[in-house]
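Accompanying notes for the structure given below.
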Amino acid sequence: MNKLEKMLNNYVSKYNDEKYWKMKFAIQNNEVSNLKKYYYLYKMKKMEGFNNASLGNRINGGSYFEEKPFLPHGIKGIFITDSSKIGKNCTILHQVTIGLKDFKGTKGPIIGDNVFFGVDAKIIGQITIGNNVRIGANAVICEDIPDNTTVVPQKSRIITRSKKK
């Protein structure tokens, strides 16, 4: 193993998923002093930087989680904005976006408990998703969703057909 490989391996091994979530919850629940809070934020930013560069995801430090979400496909391609709030027992599949409607927005989506996000789902704007909601693959959600609901994208339809030659 050459010097560069050793250095990269050392850097990659510093990312610890359990450690990240432990620090995140300690900050959210005000369990640490200000000095330790800034140290945790520094460490979390380094971990997030590694994830952004290598895995294509972004779970911002300002987003609020009741508990660690279940990410069965890992964190590949997931984007969660700063001001979003996510409840307990949420399952988030790959390529999910939970974001703001525009750059002027200050509040992100509020997600309830027991929510399932299908592959490539988009939750956009200052909306509320209720408890026990299932969001299908490729759904784009821009309005509030009540409790105990399943949301799927529209059925595919043909807009125009090319003429045969």
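Details
- Over 31 Å between alpha carbons, listed pairs Lys19/Lys107; Lys36/Lys122; Lys3/Lys88; Lys3/Lys68; Lys19/Lys155; Lys101/Lys155: Lys36/Lys122; Lys3/Lys88; Lys3/Lys68; Lys19/Lys155
- Distant-in-sequence amide H partners of Phe116 (H built 1.01 Å from N, under 5 Å): Thr91, Val133, Arg134, Ile135
- Amide H to amide H, with H built 1.01 Å from N, Phe65 comes under 5 Å of Ile86, counting only residues 5 or more places away or on other chains.
- For the range 68-131: accessible area per residue (Å², 1.4 Å): 47 Å²
- Per-residue HN-Hα couplings for the range 116-133 [Karplus 6.51, -1.76, 1.60; θ = phi - 60°; Hz; x = Gly/Pro]: 10, 10, x, 4, 6, 6, 10, 10, 10, x, 7, 10, 10, 9, x, 7, 6, 9
- Lys155 versus Lys3: modelled label distance in nm, points set 7 Å from Cα along the beta carbon direction: 6.5 nm
- Where labels lie 7 Å past Cα in the beta-carbon direction, separation of Lys22 and Thr106 in nm: 3.6 nm
The values are calculated or read from the model by the stated rules, or taken from the named source; none is laboratory data. These numbers were taken from a predicted model, which means no experiment stands behind them. Heads up, the Cβs are rebuilt from the backbone with ideal geometry, glycines too, and the neighbour counts pull from every protein chain shown. For accessibility, only protein heavy atoms count, side chains too; no ligands or nucleic acids. Shrake-Rupley method; radii C 1.70, N 1.55, O 1.52, S 1.80 Å.
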